[in-house]
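Participant: Let me give you the structure first, and then I'll get to my questions.
The values are calculated or read from the model by the stated rules, or taken from the named source; none is laboratory data. For clarity, every value in this text was computed on a predicted model and none was experimentally measured. Neighbour counts run over all protein chains shown; Cβ positions are idealised from the backbone, glycine included. Remember, those area values only see protein heavy atoms, side chains included, never the ligands or the DNA or RNA. Shrake-Rupley method; radii C 1.70, N 1.55, O 1.52, S 1.80 Å.
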Amino acid sequence: MSFPKNFLWGGATAANQYEGGYLSGGKGLASADVITGGDMHTPRRIMIETKDGTRKYISRFADVEIGAHAVIDEKMYYPSHNATDFYHHYQEDIALMAEMGFKTFRMSINWTRIFPNGDDLTANEEGLVFYDKIFDECLAYGIEPLVTINHFDIPLHLAHSIDGWLDRKTVEYFMKYCETIFTRYKDKVKYWLTFNEINFLRDFTTLGVRNASDRKRQEQAIYHVLLASAKAVKMAHEINPDFKIGLMIANIHFYPETCNPKDTLEEMIQSRAFKDFYYDVQCRGYYPSYKVKELERLGITLEKHEDDNQILLDGVVDFISFSYYNSLVISTKENKDQSKGNQLGGVKNPYLEESQWGWPIDPIGLRIVLNKLYDKYQLPLMIVENGLGAIDKIEPDQTIQDDYRIEYLRKHIEQMKVAVEYDGVELWGYTPWGCIDLVSAGTGEMKKRYGFVYVDMDDEGKGSCRRIKKKSFEWYKKVIESNGEDLSNI
Ligand code: BGP
């Protein structure tokens, strides 16, 4: 058998794309609640009110003007507000996960459900009770919760009042949030991830920073996030030594376009900037030399406290988790045919097929990623996002024949298997993205679906929210039942 007996098969979600109930139970507004829907051709936007009272929409979230506030435009649809309503469907959804045989369920806690403004003196009990119910429901089925502490948002009040992560006070507010949830769920949750795709945090909606395209502001905010992540690791271990706490990075694999050394060098530079830096800090506990040199060249001196270096060292993670959807090609030549991908694009790869959203499909890339990470850091790994965003069609007999999704997942699991069985990589688990349909982060669409379970909801937020099992539901159930041995289609 290739996968270990206790392999964590499951699925993954995020509060702002799945939960809804955006103001229910005392929840406060988060940055994710002010982002409109969009589609493949229309970017998601936020309405801002500038200091002189002018209101306008912007789509480059790193360019929110200093002093501006995000506001809600009542005429617009905001996907996070109801999302696919896990808030009211959690029992039904967790029962469906249990039916598939899930061993784990990756979900995130909404920071603003616990601290509605971020800087509140006391936690919101109603929010804490909500997650108590979710974890109890999971545990009753023997499903281990895998909790992302922060998934792509920040309390809006912190963004408006102190520019979010730019201000070191946010580290302390975040620590209070961590302490609250670590203590409260000490006996219910064992596996934690600090920040979702920490290498994608760089604008107003994720960092809460206005004018985040200013490198100094961006680097300082990221420094605070990394510090907070390290402090969270240390605190978690103090509260419960059995906690396992991991990092989470968007692992887009980069290939140099040719064997021209210039392409390989460029690939190395871009890999470092995009992801290696974040792995290095969180796995080794210090800023790597190439980053130190880069900051020096940019003339950026980070504001630090005396014991910060020790904090980073003390906060190295227990395991690595990452998302993997696609690879990209890096070239030094300009004007090449472009491909899309998870938030980033690259040069078209002639060897790969692409999804309906233009993301290259590369299962072998996943084996390469698993090996590279394990070789370099020698830490256990978890794949906490992977999957195919596709348009699903309900047939007249109410079935959904998503063979394309089965095919995508099957090919990726095959490569995981080789990495474990043949290469000896230590892999703890696999949680495909959006196991129950949810809103797309990139486009805000509903029609870009990833799930094993269809949710009746459209791009304007209309629908009954009824859950329908897709063909992949039965297939994944069989995969889990056979612990990854039987991957054949049904
Ligand atoms: C990752 C995010 C998820 C998720 C996924 C799929 O970057 O962590 O939140 O949404 O990408 O991307 P999309 O929703 O844009 O298809």
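Participant: Report the calculated FRET efficiency for E485 and L121 (r = Cβ-Cβ distance, R0 = 45 Å), to the nearest 0.05. Write down the numbers at each step before the final one.
Facilitator: Details: r = 53 Å, r/R0 = 1.18.
Working from the Cβ atoms, E equals 0.25.
Participant: Take T206, T42 and sort them by solvent-accessible surface of the protein heavy atoms, 1.4 Å probe, largest at the top.
Facilitator: Largest to smallest exposure gives the sequence T42, T206.
Participant: Shifting gears a bit: Do you know the relative contact order of the chain, to the nearest whole percent, from alpha carbon pairs under 8 angstrom that are 6+ apart? Don't skip to the answer; put the middle values down first.
Facilitator: Working: 1039 pairs, mean separation 85.5, N = 490.
That works out to 17 percent.
Participant: Also: Binned at 10 Å from 0, what are the whole-percent values of the Cα-Cα distance distribution for the range 277-342, short to long?
Facilitator: That works out to 15, 31, 30, 19, 4, in percent per bin.
Participant: Let me ask something else. So with the 1.4 Å probe, I'd like the accessible area per residue for the range 268-391, rounded to whole Å². Working shown, then result.
Facilitator: Numbers: 5980 Å² over 124 residues.
Each residue of the range 268-391 exposes 48 Å² on average to a 1.4 Å probe.
Participant: Would you mind checking K169/K244; K176/K417; K447/K477; K190/K348; K216/K448; K190/K447 for any pair whose Cα atoms are more than 30 angstrom apart?
Facilitator: K176/K417; K190/K348; K216/K448; K190/K447
Participant: Over the chain, with every protein chain in place, what whole percent of the accessible area is carbon and sulfur at 1.4 Å, could you tell me?
Facilitator: Values: 9600 of 19250 Å².
C and S fraction of accessible area: 50 percent.
Participant: For the range 127-236, what is the largest minus smallest coordinate of the Cα atoms on each principal axis, given in angstrom and ordered from greatest to least?
Facilitator: The Cα atoms of the range 127-236 stretch 48, 24, 22 Å along the principal axes, largest first.
Participant: Let me ask something else. Using a 1.4 Å probe on the protein heavy atoms only, what accessible surface does K411 show? Give it in Å² to the nearest 10.
Facilitator: About 90 Å², ignoring ligands and nucleic acids.
Participant: Continuing with the same structure: With N set to the residue count of the chain, report its C-alpha Rg divided by 2.2 N^0.38 Å to two decimal places.
Facilitator: On the way: Rg = 21.4 Å, N = 490, 2.2 N^0.38 = 23.2 Å.
Dividing the Cα radius of gyration by 2.2 N^0.38 Å gives 0.92.
Participant: Where the centroid of each part is defined by its Cα atoms, how far is the range 95-123 from the range 49-69 in Å?
Facilitator: Answer, in whole Å: 30.
Participant: Hey, what's the Kirkwood Rh for the range 75-186 if you take every pair of different alpha carbons, in angstrom? Don't jump to the answer; show the numbers that get you there.
Facilitator: Working: mean 1/r = 0.0652 Å⁻¹.
Kirkwood hydrodynamic radius for the range 75-186: 15.3 Å.
Participant: Please list E65, E421 in order of solvent-accessible area, largest first, computed with a 1.4 Å probe with all protein chains present.
Facilitator: On the way: E65 70, E421 120 Å².
Heavy-atom accessible area, descending, gives E421, E65.
Participant: Oh, and also: Helix by helix through the chain, keep the DSSP H runs that span 18 Å or more along the axis on Cα and average at least 1.0 on Kyte-Doolittle, and give those back in order.
Facilitator: Details: long enough: 86-100 (20 Å, -0.30); 125-140 (22 Å, 0.19); 169-184 (23 Å, -0.33); 215-239 (35 Å, -0.29); 363-377 (22 Å, 0.05); 403-421 (26 Å, -0.80).
None clear 18 Å together with a mean of 1.0.
Participant: Taking 8 Å as the Cα distance limit and 6 or more residues as the minimum spacing, I'd like the relative contact order of the range 138-215 as a percentage. List each step's numbers first, then the result.
Facilitator: Details: 86 pairs, mean separation 37.3, N = 78.
In percent, rounded to a whole number, it is 48.
Participant: I'd like the per residue volume of the convex hull spanned by the Cα atoms of the range 247-310, given in cubic angstrom.
Facilitator: On the way: hull volume 6.8 nm³, N = 64.
Here the figure is 106 Å³ per residue.
Participant: Just need log10 I(q)/I(0) for the range 164-299 at q = 0.11, 0.17, 0.18 Å⁻¹, Debye formula, equal scatterers on the alpha-carbon atoms, no solvent, rounded to two decimals.
Facilitator: Listed by q, the Debye log ratios stand at -0.47, -0.99, -1.07.
Participant: Please report, in debye to the nearest 20, how large the charge dipole of the range 213-332 is about its Cα centre when each Lys and Arg carries +1 at its beta carbon and each Asp and Glu carries -1 there. Don't skip to the end; give the middle numbers.
Facilitator: Working: 14 positive and 18 negative charges, 35 e Å.
Roughly 160 debye for the range 213-332.
Participant: Just how far, in whole angstrom, is the range 292-335 from the range 189-256 if you go by their alpha carbon centroids?
Facilitator: Between the Cα centre of the range 189-256 and that of the range 292-335, the gap is 10 Å.
Participant: Would you mind listing how long the range 372-490 runs along its three principal axes, going by Cα atoms, in whole Å with the largest first?
Facilitator: Dimensions of the range 372-490 along the principal axes of its Cα atoms: 47, 31, 18 Å.
Participant: Semi-axes of the range 78-137's equivalent ellipsoid from the Cα gyration tensor, sqrt of 5 times each eigenvalue, largest first, rounded to whole Å? All intermediate terms of the calculation are to be shown ahead of the outcome.
Facilitator: Values: eigenvalues 120, 39, 18 Å².
Output for the range 78-137: semi-axes of 24, 14, 9 Å.
Participant: Next up: Please check which bits of the range 472-490 a label hung off E92 would reach, taking the label as a point 7 Å along Cα-to-C-beta and the cut-off as backbone N under 20 Å.
Facilitator: Residues 472-474 fall inside that zone.
Participant: Using the eigenvalues of the Cα gyration tensor, what equivalent ellipsoid semi-axes result for the range 286-382 when each is taken as the square root of five times the eigenvalue, whole Å, largest first?
Facilitator: On the way: eigenvalues 214, 88, 25 Å².
Its equivalent ellipsoid spans semi-axes of 33, 21, 11 Å.
Participant: Efficiency by 1/(1 + (r/R0)^6): what FRET value for E306 and K262, r their Cβ-Cβ distance, R0 = 45 Å, to the nearest 0.05?
Facilitator: Details: r = 42 Å, r/R0 = 0.93.
For R0 = 45 Å, the calculated efficiency reads 0.60.
Participant: Right, something else. What is the calculated FRET efficiency for D375 to K75, with r their C-beta to C-beta distance and R₀ = 45 Å, to the nearest 0.05? Present the calculation step by step, with values, prior to reporting the outcome.
Facilitator: Details: r = 53 Å, r/R0 = 1.17.
Once the sixth-power term is evaluated, E becomes 0.30.
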